[in-house]
């Protein structure tokens, strides 16, 4: 059995230990010590990070009462004792996160009668799944209440009471075990079985920030951040907000209105652009139809558009393919390469553009596909676009001539 120093003193950062056993699994050295400050994970909390004689641990876990340290490289062959050092910054953040989760879960039980069914506690991603639905108003109230618990700086007690006492006091499920059950008690707020690590006082959590709410199965998933991760997130958010305030030349309280106003202006410009493109496409389509080659009652319309966009090509295609009796072969050179759009009216049954399309897209080393009446694709280079489109037109001419 390994002596679990992390339960005796949450704040012990290092210790000396004797090597009890070493073995190799899957090319990694596994070391068992007589004592360790490195927590192997549990209660939803990931394992600690640390070092044995300056060699980093890749994982720490418990197996049959022993704490297994998986090392990034082996210890020296004659090594009998080691100095174990904890990555304290990571441990402290994980304790903040875990205690913050206990506080938030307990507030949802106390104030909204919602129990936590599962948790996810990673350094920069945390969420709890509740057994029922809550709304945005409840989130705001739960966040405020949780932070009040932090401000009150309540001592966090670790207890090993009798099973009878646990059943009398706990609002959470009780594990079925003959071993002593470790209880985390936060004043009158929470009394929960947990093998994870939490700070000694609620004030050390610093901050709980709820980010957003998702529906999950038959309940709600609450995404949040605690402690230093919450501070980093808010600091980054304020940095982004400051840049936006500079860009808009406004104060923070006016920023939302300015963004909404610009969004409305952008949407109006998009509608104007769409209308103008439609008019241009209509005029260009009329000219192309007038000059199209007629083969057995079908107009073959082929065009290479230079310095265009996929949206412009599609706008023109919709105008040209709006009536039966037309085959449309459009190729456009865009800033990213070449875009092909071949087809006809969906009710046109006499032609199939796929053979011509496949020849053109292959000549461009591009990718794409489609049906007999509509095929499209993209190629990273438009260098051979003219030649590819000429070959496609030749293939379609042959197909249309064969209709006779």
**Complete:** the range 265-315, convex hull of Cα, quarter of hull surface, nm² -> 4.2
**Prompt:** Expressed as a whole number of Å, what is the distance separating the alpha-carbon centroids of the range 25-68 and the range 281-358?
**Reply:** 65
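Over its Cα atoms, what ratio of radius of gyration to 2.2 N^0.38 Å does the range 93-236 give? Display every interim value, and only then the final one.
Numbers: Rg = 14.6 Å, N = 144, 2.2 N^0.38 = 14.5 Å.
That works out to 1.01 for the range 93-236.
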**Complete:** One can check that the equivalent ellipsoid of the chain, built from the alpha-carbon gyration tensor with semi-axes equal to the square roots of five times its eigenvalues, has lengths in Å, largest first, of 66, 30, 21
**Request:** Starting from the Cα coordinates of the range 1-129, work out the convex hull volume and express it per residue in Å³.
**Result:** 121
**Message:** Can you compute log10 of I(q)/I(0) for the range 120-197 with the Debye formula, treating each Cα as one identical point scatterer, at q = 0.19, 0.20, 0.26, 0.27 Å⁻¹?
**Reply:** -1.06, -1.12, -1.27, -1.28
**Message:** For the range 153-282, I need the span (max minus min coordinate) of the C-alpha atoms along each principal axis, in Å, sorted largest to smallest.
**Reply:** 82, 35, 19
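What Kirkwood hydrodynamic radius do you get for the range 352-404 when you take the inverse of the mean 1/r over all pairs of distinct Cα atoms, in Å?
Working: mean 1/r = 0.0892 Å⁻¹.
Roughly 11.2 Å, rounded to one decimal.
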**Asked** How big is the Rg/Rh ratio for the range 273-401, C-alpha atoms only, Rh by Kirkwood, two decimals?
**Response** 0.94
**Complete:** For residue 259 and residue 148, extending 7 Å from Cα along the Cα-Cβ vector and measuring point to point gives, in nm, a value of 2.9
**Asked** What is the helix-to-structure angle for 88-112, meaning the angle in degrees between its Cα long axis and the longest Cα principal axis of the chain, kept from 0 to 90 and rounded to the nearest 10?
**Response** 80
**Complete:** Computed over the chain: longest principal axis from alpha-carbon atoms vs helix 310-320 long axis, angle to nearest 10 degrees, is 40
**Request:** For helix 354-363, report the angle its Cα long axis makes with the longest principal axis of the Cα atoms of the chain; keep it between 0 and 90° and round to the nearest 10°.
**Result:** 70
**Request:** Can you tell me the order of 347-359, 263-275 when each peptide is scored by its average per-residue count of other Cβ atoms within 10 angstrom, highest first?
**Result:** 347-359, 263-275
**Asked** So what is the 222 nm mean residue ellipticity for the chain from helices alone, if each DSSP H run of at least 4 adds -39500 (n - 2.57) and you divide by all residues, rounding to the nearest 500 deg cm²/dmol?
**Response** -12500 deg cm²/dmol
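In square nanometres, what is one fourth of the surface area of the convex hull spanned by the alpha carbons of the range 64-139? Provide the component values of the computation, followed by the final result.
Values: hull surface 32.8 nm².
Value for the range 64-139: 8.2 nm².
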**Message:** From Cα pairs below 8 angstrom and at least 6 apart in sequence, can you work out the relative contact order of the chain, rounded to a whole percent?
**Reply:** 10
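Please order 36, 192, 309 by the number of other Cβ within 10 Å, starting at the fewest. Mind showing how you got there, number by number?
Values: 36 28, 192 23, 309 15.
Arranged by neighbour count, lowest to highest, 36, 192, 309 become 309, 192, 36.
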**Prompt:** Which peptide among 112-118, 230-236 comes first, and what is the full order, when sorted by highest mean count of other Cβ atoms within 10 Å?
**Reply:** 112-118, 230-236
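Tell me, what is a quarter of the convex hull surface for the C-alpha atoms of the range 201-339, in nm² with one decimal? Please report the intermediate quantities before stating the final value.
Values: hull surface 64.4 nm².
Averaged projected hull area, Cα only: 16.1 nm².
Using packing as a proxy for protection, rank 65-71, 390-396 so that the peptide with the highest average count of other Cβ atoms within 10 Å comes first. Working shown, then result.
Values: 65-71: 20.3, 390-396: 18.3.
Highest mean packing first, the order is 65-71, 390-396.
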**Asked** Relative contact order, percent, of the range 93-236 when contacts are C-alpha pairs under 8 Å separated by at least 6 residues?
**Response** 33
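Bear in mind that the values in this text are calculations on the coordinates, not laboratory data. Note that the structure is a prediction, hence the values are computed from the model and not measured. FYI the Cβ positions are ideal-geometry reconstructions off the backbone, even for glycines, and counts take in every protein chain you see.
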